Amino acid sequence: MLRAPNPPGLLPEPHAVSRLRASRLARSVKPFLARGGIKGERCAGCRLVPSHCICALKPDVSTQAGVCLLMADIEPLKPSNTGWLIADVVKDTFAFGWARTEVEPDLLTLLADPKWQPFVVFPGEFVAPERLVPKVHAQAGRRPLFILLDATWPQARKIFRKSPYLDALPVLSLHPEQVSHYQLRRSRRDDHFCTSEVAALCLDLVGETVAAQTLQAYLEVYTRHYLQAKHQLPPDLQSPAHQALRALARPSN
Ligand SMILES: [Zn+2]
């Protein structure tokens, strides 16, 4: 189902990425000026300018899988960060800021929690073969937890190499055909328009097809609104992505 628009002045409980953004902003020595964001206010629910707000289009799907985002320092501050969209769709999304010299105790607690079966998602060619798993074999009583490195590519490699608490975890490398499909899409965009695509692919791998398609359609809706706002065009609410999102978000009974 689609969520009802928020009554004016009321926002839903902030999700993990929203909270990480708020704490990162609070630590900023100088105000962070998002590209194009100096002039106007942004919706606190979706980070878009109010005329292009997508809060009313936020889908409500249920997922067994969880996502754990390890975010490079500046990532939560970018208005185009798509980890935010994952947290909108996947209820059990966790987000941690990454630092080389320290690790948040809550992250270690999460990784040690037996109800989760964690996988680091990373390209196989950069990983020792013995750590790679070809697919997700669900263990009874455990839910898959996909650890995504939300960062530029050089930062992601650094996070992967310099996080000893990830070393013991299996690595899921995305299937080559699927990766090339996503890279094709990514090449038309900024490189940080890809974390939610990776999450959608992971959901698909564990059979959560509706959630995967919903996240993908939601990303496309978000991207459209983001670009139309940037080019000062009115939001097109009838795009194929909007129609796909509406078709996926059937009313619940
Ligand atoms: Zn909004």
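The values are calculated or read from the model by the stated rules, or taken from the named source; none is laboratory data. Bear in mind that the values here come from a model prediction, so they are computed numbers and not experimental data. As a convention, Cβ positions derive from the backbone with ideal geometry for all residues, glycine included, and neighbour counts pool all protein chains shown.
Pick out the one residue from Ala212, Ala244, Ala229 that is closer than 17 Å to Ala56 by Cα and touching an Asp or Glu at 6+ places or on another chain (Cβ under 8 Å).
Checking each option against the conditions leaves just Ala244.
Any residue in the stretch 137-156 that's within 17 Å of Arg100 (Cα to Cα): show its pairings with residues that are assigned to a loop (DSSP other than H, G, I, E, B) at Cβ separation under 6 Å, as long as the two are six or more apart or on different chains.
Within 6 Å, the pairs are Ala151/Ala72; Gln155/Ala72.
It is to be established whether one or more residues within the stretch 39-62 are at pLDDT below 95, over 30 Å from Pro170 (Cα atoms) and more than 16 Å from the ligand (Cβ to nearest atom).
Yes, the stretch 39-62 has at least one match.
Looking only at the stretch 66-114, count every residue that is over 20 Å from Pro154 (Cα atoms) and of a type outside the set (D, E, K, R) and tell me the total.
Count: 19.
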